[in-house]
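Q: Take this structure first; my questions come after.
The values are calculated or read from the model by the stated rules, or taken from the named source; none is laboratory data. Computed from a prediction, not measured in an experiment: that's the story for all the values here. Note that each Cβ is placed from the backbone with ideal geometry, even for glycine, and that neighbours are counted across all protein chains shown.
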Amino acid sequence: MEVPGRQRCLAQIVDHLGPTRLGRELGLARLRSLEDLRASLPIMDHERHEREVELHLGFGLADSSDERARELSGAACERDAVISVWRAFGGERPARRVALLRGHSVDPIVDRIARDDVRALGGEVLAIDRIDDPQAVLERLEELDPELMVVPSVLTLRWLETVHRGPLERRIRGLRMVLAEHDLGQAVRSRVRVKTAGWIHRSGRLGLPSLRPPDHALTLAVGSQIIELLPYGNPEEDAQRVYASETVLPEHAIVGQRYELVVSSPQGFLRLRTDEHVRVVGFDAPSEHAPFPRPRVVRLAPSPPDVTLEGCTVAGAWLTASLRQAFHREDPALVAAEIGPDPRSVPRGIAVVPSGQTGASMQLPDAFQDTELGGLTRTGTARVKRHRPRALLVKVEVQGYVAPELSGFLSQRIDQSLRRRSPAYDYLRERDDLQPPRVMVLPSGTRRSEEDRRIRELVGGVWVPEVRVVGM
């Protein structure tokens, strides 16, 4: 099936990236179809994509005022669809005054897409790119009295309500609707309609707002860039996330299935795993740029990542469960927690192993990840073994009295729980190859101050899970 949106995007990838050194090495000029792209290039996670693609392109930050860069973003292809849904959300009378609260992200093209979308409404626009003085921002909003407010996160609206100490429509009388991109499941006091604004990624437009149920559903922007779907198992059933070996095309999606989005665009993205997860809930009608049923999805929070230690990988689901179960009824209440590898536990120095002892392969298969060969990386004619962390670092914020022995109790309980769940972890702890987790109790208010900082920046989502698993 000929898909105009995909063919346009593929042609731009060949024209724009093909002449580069990376494009010549990958043979991008020989690509003629999406099947060629999928057969020629592997799926890459963020780390590998940055190392093998972005590092070699060397574009730097694109000039958002460059017409060529705006054309390559593909945002104009489905802008009319976005605006028509926004106007349908607002009713018959179009918004004459719009407040856009959006900071400057790392990629200027993302900001340009969002601002061009708002200006396409045709009303008076007040742009606010940072909140330094919340009262001053409320005064500016009250002076404009916008009918529509566009924010990056629903928590931005809730934070302004906290500053005002009441629903925002009591201060801004003309406000009829709020459009947000992230954290749409969070509750607010305001009775004005809160709808989805769409979804913009570094690679371009990722999702369009949809009028069809459920609330806050999105239609994948398959006409703006090349989007593939990578299936994976149910994280509630599998301790570790199990991915399929190949992606599926959006028109072949299965209702109810979870997917991670894989994108390719002339902005310098080649089959990048975005770490953005969705569940397909239906299909919307074909469009001019995508003549097939387009998947309608709801966004999912990514399941906690696995943590790699020296000799074993611990599932993120086990880490979160062990941390939650470590708190007993008599302990203070858990406010927030962060668990990941402990940088202090990485042994100093490196071990150089002659390449003849380890084979000549540049990259070993994933099956070697948890073995002594998994930490070997090629450097010249030798292989350098890079040590991995040997312990976990747990940071917790609690509410209530903190006894001096709380850190020790939590460390012991988390360690015992992980040893019951993971035989590999238990074996390495028995040999003292791994150390018990190190627990730090953070000062009260740490989570709130971090959330306030993200809200004031007006960039991306704000909400994070109560227990967060991080990597190094």
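Q: Within the range 334-352, how many residues turn out to be hydrophobic (A, V, I, L, M, F, W, C) and at pLDDT 95 or above? Reasoning before the result, please.
A: First pass over the range 334-352, keeping only residues hydrophobic (A, V, I, L, M, F, W, C): 334-337, 339, 346, 350-352.
Retained after the next criterion (residues that are at pLDDT 95 or above): 334-337, 339.
Selection size over the range 334-352: 5.
Q: Follow-up. Do we have any residue at all in the range 235-255 that's small (G, A, S), buried (at least 17 other Cβ atoms within 10 Å of the Cβ) and closer than 30 Å to P108 by Cα?
A: Within the range 235-255, none of the residues are small (G, A, S), buried (at least 17 other Cβ atoms within 10 Å of the Cβ) and closer than 30 Å to P108 by Cα.
Q: So, one more: Give the range 426-458 a look and list any residue that's within 28 Å of A333 (Cβ to Cβ) and part of a helix (DSSP H, G or I), or say none.
A: Of everything in the range 426-458, those that are within 28 Å of A333 (Cβ to Cβ) and part of a helix (DSSP H, G or I) turn out to be T446, R447, R448, S449, E450, E451, D452, R453, R454, I455, R456.
Q: Quickly run through the range 409-443 and pick out the residues that are surrounded by fewer than 14 Cβ atoms within 10 Å (Cβ to Cβ) and either within 30 Å of the chain's Cα centre (by Cα) or not assigned by TED's automatic domain parsing to the domain that holds G311 (or both).
A: Those that are surrounded by fewer than 14 Cβ atoms within 10 Å (Cβ to Cβ) and either within 30 Å of the chain's Cα centre (by Cα) or not assigned by TED's automatic domain parsing to the domain that holds G311 (or both): M440, P443.
Q: Follow-up question, since we're still on this one. Quick one: which of V298, V335, V263 is assigned to a strand (DSSP E or B) and within 30 Å of H56 (Cα to Cα)? Reasoning before the result, please.
A: On the way: V298 fails: within 30 Å of H56 (Cα to Cα); V335 fails: within 30 Å of H56 (Cα to Cα).
Step by step, each of V298, V335, V263 is checked, and only V263 is assigned to a strand (DSSP E or B) and within 30 Å of H56 (Cα to Cα).
Q: Evaluate the range 190-197: report whether one residue or more is farther than 18 Å from R87 by Cβ and without any contact (Cβ under 8 Å) to a residue 60 or more places away in the chain. Spell out the reasoning first.
A: Start the filter on the range 190-197 by keeping residues that are farther than 18 Å from R87 by Cβ, which leaves 190-191.
Narrowing the set further to residues that are without any contact (Cβ under 8 Å) to a residue 60 or more places away in the chain leaves 190-191.
The answer is yes, given that some residue of the range 190-197 is farther than 18 Å from R87 by Cβ and without any contact (Cβ under 8 Å) to a residue 60 or more places away in the chain.
Q: Kindly establish whether E228 is over 19 Å from the mean Cα position of the chain (by Cα) and within 29 Å of E288 (Cα to Cα). Write out each step before concluding.
A: Details: over 19 Å from the mean Cα position of the chain (by Cα): no; within 29 Å of E288 (Cα to Cα): yes.
No, not satisfied.
Q: Would you pick out the residues in the range 1-15 that are modelled with pLDDT under 90 and surrounded by fewer than 18 Cβ atoms within 10 Å (Cβ to Cβ)?
A: M1, E2, P4, listed by residue number.
Q: Go through L229, L179 for me and flag whichever is under 18 Å from V281 (Cβ atoms), touching a residue at least 60 places away in the same chain (Cβ under 8 Å) and crowded, with 16+ Cβ neighbours inside 10 Å.
A: Working: L179 fails: under 18 Å from V281 (Cβ atoms).
Just one listed residue meets the conditions, L229.
Q: Still on this structure: What number of residues in the range 127-141 are free of Cβ contacts under 8 Å to residues at least 40 places away in the same chain and surrounded by fewer than 16 Cβ atoms within 10 Å (Cβ to Cβ)?
A: Final tally of qualifying residues: 6.
Q: Here's a follow-up. Give the number of residues within the range 191-209 that are surrounded by 23 or more Cβ atoms within 10 Å (Cβ to Cβ) and outside any strand (DSSP E or B).
A: Qualifying residue count, the range 191-209: 3.
Q: Quick check on my filter: what residues within the range 35-62 are among the hydrophobic types (A, V, I, L, M, F, W, C) and buried (at least 18 other Cβ atoms within 10 Å of the Cβ)?
A: Looking only at the range 35-62, we keep the residues that are among the hydrophobic types (A, V, I, L, M, F, W, C), and these are 37, 39, 41, 43-44, 53, 55, 57, 59, 61-62.
Matches in the range 35-62: L37, I43, M44, V53, A62.
Q: For residues that are farther than 21 Å from E260 by Cβ and either crowded, with 18+ Cβ neighbours inside 10 Å or among the polar types (S, T, N, Q) (or both), tally how many sit in the range 273-313.
A: Residues that pass the stated criteria total 6.
Q: When both residues are 6+ apart or on different chains and their Cβ atoms are under 7 Å apart, which pairs have a first residue that lies in the range 447-463 and is on the phi > 0 side of the Ramachandran plot, and a second that is part of a helix (DSSP H, G or I)?
A: L458/T156
Q: So which residues in the range 19-46 are in contact (Cβ under 8 Å) with a residue 12 or more places away in the chain and either small (G, A, S) or within 29 Å of E288 (Cα to Cα) (or both), if there are any at all?
A: G27, L28, A29, L31, S33, L34, L37, R38, S40, L41, I43
Q: Next up: Looking at this structure, is F292 outside the structural domain of A88 (by TED's automatic domain parsing), more than 27 Å from V469 (Cα to Cα) and not in a strand (DSSP E or B)? Give the derivation first.
A: Numbers: outside the structural domain of A88 (by TED's automatic domain parsing): yes; more than 27 Å from V469 (Cα to Cα): yes; not in a strand (DSSP E or B): yes.
In short, yes.
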